[in-house]
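Visitor: Provided herewith is a single structure, encoded as structure tokens, for subsequent inquiry.
The values are calculated or read from the model by the stated rules, or taken from the named source; none is laboratory data. All of these numbers come straight from a predicted model, not from anything done at the bench. Note that we place each Cβ from the backbone using ideal geometry, even for glycine, and neighbour counts take in every protein chain shown.
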Amino acid sequence: MKTSSRLLVKTVGIAIALASVLVSSPSWAKKEKHHNSGHTQSVTTTTTTTVTTTQTLVQVANTSSCGCSTFANAIRSAGWENTFSNTRSSYTLFIPSDTAFAALPVATRRKLFLPQNRAILQQVLAYHILSGTVDYKKIKPGKFKTYQGKVVEIKYKKGKFEIGKAKFKKSDMKAKNGYIHIIDTVLIPPGLLI
């Protein structure tokens, strides 16, 4: 009886150890499909148990090294701070720098941040967001479905990536729940009137 109890304990221990290895292995990546008329690409997300940062996307966006506090304030104004602070989901944010927001016409900037225009602000912000994580090495040219539901195109020109009409300024700012890539232009979804 003691031998079979020890054997059972050892078997359970081996099963737990094997499960831990499988869960933490980065090679066990799952694909999230973004469907939109068959032209969009999939985003690969990797689940691992080790995290290189303790800050969420919103916290990283608020740092001085990011230079994107306007976007972080816009996330709060849109009522999405909890969504992008949640570590159960992962996202890739293409955040316009503070300079990019400052380049918008003053009337457009003011209009975006009016409480009655929250739905418009949400559409603009969501056009900069992909569900899942994409680091710079995994970016490929193509069309991607955004969090907002519209398609944005990523191109490779003169040795650099562009998203819509924006150029990448800084890439791979890692957060607990995704990646931030800083871009030089605020993207406006096609057909959205501001």
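Visitor: For the stretch 72-104, how many residues are at pLDDT 95 or above, touching a helix residue (DSSP H, G or I) at 6+ places or on another chain (Cβ under 6 Å) and among the aromatic types (F, W, Y)?
Guide: Residues flagged as at pLDDT 95 or above, touching a helix residue (DSSP H, G or I) at 6+ places or on another chain (Cβ under 6 Å) and among the aromatic types (F, W, Y) within the stretch 72-104 amount to 1.
Visitor: Next question. Would you point out which residue out of T87, T83, T108, T99 is assigned to a helix (DSSP H, G or I), hydroxyl-bearing (S, T, Y) and either out of contact with any Asp or Glu (no Cβ under 9 Å at 6 or more places or on another chain) or closer than 14 Å to I180 by Cα (or both)?
Guide: Sole residue among the options that is assigned to a helix (DSSP H, G or I), hydroxyl-bearing (S, T, Y) and either out of contact with any Asp or Glu (no Cβ under 9 Å at 6 or more places or on another chain) or closer than 14 Å to I180 by Cα (or both): T108.
Visitor: Kindly list the number of the only condition in (1) in a helix (DSSP H, G or I); (2) more than 16 Å from the chain's Cα centre (by Cα); (3) modelled with pLDDT of 90 or more that fails for L18.
Guide: (3)
Visitor: How do the strands (runs of 3 or more DSSP E) wholly within the stretch 117-194 filter down when requiring 3 or more residues that are surrounded by fewer than 18 Cβ atoms within 10 Å (Cβ to Cβ): which remain?
Guide: Per the criteria, 151-157, 166-175.
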